[in-house]
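> What follows is a single structure, and I will ask about it in a moment.
The values are calculated or read from the model by the stated rules, or taken from the named source; none is laboratory data. Keep in mind that this is a model prediction, so the values were computed, not measured. Every residue, glycine among them, receives a Cβ derived from its backbone with ideal geometry; neighbour counts consider all protein chains shown. In case anyone asks, the SASA skips ligands and DNA or RNA and just uses the protein heavy atoms, side chains included. Shrake-Rupley method; radii C 1.70, N 1.55, O 1.52, S 1.80 Å.
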Amino acid sequence: MGEAARLLEVVATGPMASVQDLGRPGRGDLGVGRSGAADRGSLRLANRLLANPEGAAALEVTLGGLAVRAHGDLLIALSGAPCRATVVDASGRARDIGHHAVERLPDGATLRLGVPRCGLRTYVAVRGGLDVPVVLGSRATDFMAGLGPELPRPGTLLPVGPPPGRFPGVDLAPVAEPRDDVPLLAVLPGPRDDWFTSGALRALCAEPYEVTADSNRVGIRLRGPVLERVRDGELPPEGMVPGALQVPPSGQPTLFLADHPVTGGYPVIAVVRTRDVDRAAQVRPGQRVRFRLSPH
Amino acid sequence: MNPRFRRCGDQAVLVELGGAAEVLALYDTLAADPPRGVTDLLPAARTLLVRFEPPAHWGAVESAVLNARPAAGPRVAAGEVTVPVVYDGDDLADVAVLTGLSEREVVEAHTGMPWTVAFSGFAPGFAYLVGGNPRLRVPRRTESRVRVPAGAVALAAGFSAVYPRESPGGWRLIGRTDLPVWDVAADPPALLRPGARVRFVEVRRG
């Protein structure tokens, strides 16, 4: 039998879906941000289940609603925000599939994702990875910079790469659902905590902040206690990182995510620890988060 | 060089320095031989952001910075770039008023002295040029433009820049160039890289 092209056909995208991998490190000096999966741990996990390289490209699905049809027999794994996932095969038989598990998506079958029970971003990885063109070393779509593949639309055909030489070693990875309604995120003070009053860090960690609807892959706009500055004016531009809590003159912080600007001109009072940036990327608008100072 | 270290989360340190020249010198040195685990070196106006991944940690990265010895002689890797410009920008007359120069003198000032790429930001390939003629220091426009065309040559806050792609922008436009400064298919994709010396030359409108 000849090797027919293996593809994932997008039938519906839900509110937003994009192709993501682990992004473009090492080009910040050219004004190119890292981008990549907002919840990097979840992308890695789905790829490991399929014996893909950890950074293989997959779909990042925001608030469910995705439907994709297999062209050729595929193996898939879901991770991130848990949602109902149904596979309807070519003959119309439907079955629900689990998260963090290696599942078959046979030729002609359609996968549909419901709205997540909790969390925001669900990852759909395919054994072999999504083989869209590489731009500057990555297949990720960077919303801020406008780099990488265009957003998938109904009808988009996403090529699937050749399966890796290794085979999946486990069928299932036990992962606890992120059930905490108000996630507690660990922060390290700085780099510009000295631009704020001595009470500002305490205020940051005292009361919860609400995640506003004005949030996306660039960052999460938060609403809560005002963080007061002791210094006015703008900083000369300086490098930013994911997890940075940048504070504009309003005193309401923005938590930067994967597609954050490479440089910024407002002071960063504190930075969320790397492992908690993934958890921040799963917080939904309207939900609240709390911060705590992390010892080094 | 007397760097001040400001920790920036668990996987980066912001090294604060005396100014653009010190930042570029440290960037050059570290870029030539990056410490283990360092993933990104991001020069900016007065800082160099050093991002790293485990097993690298602050202590190791900070001592690598303190032990960095600048290479002798000027750097050549970033190169010299000549940018041909038609000086017919929409803000040229405003820049003349703001600087107290005639439009002709603005052009002569912009082409008369070399510039250096201090850092990138705002958009891929958008280089902040420093040096040049200090008389060209003008503030940003009070209202940003929704669309600035690719190749627009602009001034703001003591910097000059060439817009790499069409984008919104609040800088004052003095001219345009056909020289592509950004090409995703090229390696490296940016023509104007930190440390590069840049000379603007006037060409007739074509």
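> Looking at A:G155, is it closer than 21 Å to A:V11 by Cα, touching a strand residue (DSSP E or B) at 6+ places or on another chain (Cβ under 8 Å) and exposed (fewer than 15 other Cβ atoms within 10 Å of the Cβ)?
yes
> Follow-up question, since we're still on this one. Considering segment B:31-56 alone, what residues qualify as being more than 10 Å from chain A (Cβ to nearest Cβ), within 22 Å of A:G33 (Cβ to Cβ) and surrounded by fewer than 20 Cβ atoms within 10 Å (Cβ to Cβ)?
Once the filter is applied, which keeps residues that are more than 10 Å from chain A (Cβ to nearest Cβ), within 22 Å of A:G33 (Cβ to Cβ) and surrounded by fewer than 20 Cβ atoms within 10 Å (Cβ to Cβ), segment B:31-56 yields B:P35, B:G37, B:A56.
> Restricted to segment A:268-292, and to residues that are more than 11 Å from chain B (Cβ to nearest Cβ) and of a type in the set (S, T, N, Q), which residue is least open to solvent (accessible area, probe 1.4 Å)?
A:Q282
> Out of curiosity, is A:S18 within 12 Å of chain B (Cβ to nearest Cβ) and over 21 Å from A:G108 (Cα atoms)?
The answer is no for A:S18.
> Next question, about the same structure. Given the criterion part of a loop (DSSP other than H, G, I, E, B), in contact (Cβ under 8 Å) with a residue 24 or more places away in the chain and of a type outside the set (D, E), identify the matching residue among B:R135, B:R140.
That would be B:R140, the only listed residue that is part of a loop (DSSP other than H, G, I, E, B), in contact (Cβ under 8 Å) with a residue 24 or more places away in the chain and of a type outside the set (D, E).
> May I ask you to verify whether A:A51 is closer than 30 Å to B:G125 by Cβ and either hydrophobic (A, V, I, L, M, F, W, C) or assigned to a strand (DSSP E or B) (or both)?
no
> Let me ask something else about it. Taking segment B:1-56, which residues are more than 20 Å from A:P189 (Cβ to Cβ) and aromatic (F, W, Y)?
Correct list: B:Y27 only.
> Further, regarding this structure: Enumerate the pairs (first residue in segment B:5-26 and within 10 Å of another protein chain (Cβ to nearest Cβ); second residue anywhere and of a type in the set (S, T, N, Q)) with beta-carbon separation below 6 Å, excluding pairs fewer than 6 apart on the same chain, so at least 6 apart or on different chains.
Note: pairs meeting the criteria are B:D10/A:T274; B:Q11/A:T274; B:L14/B:T47; B:E16/B:T47.
> Tell me which strands (runs of 3 or more DSSP E) are completely within segment B:1-88 and hold 1 or more residues being modelled with pLDDT of 95 or more, in contact with an Asp or Glu (Cβ under 6 Å, 6 or more places away or on another chain) and farther than 23 Å from B:L191 by Cα, or say none if there are none.
In segment B:1-88, the matching strands (runs of 3 or more DSSP E) lie at B:4-7, B:47-52.
> Can you confirm whether segment A:62-69 contains a residue that is open to solvent by 40 Å² or more (accessible area, probe 1.4 Å), touching a Gly at 6+ places or on another chain (Cβ under 8 Å) and assigned to a strand (DSSP E or B)?
The answer is yes; a qualifying residue exists.
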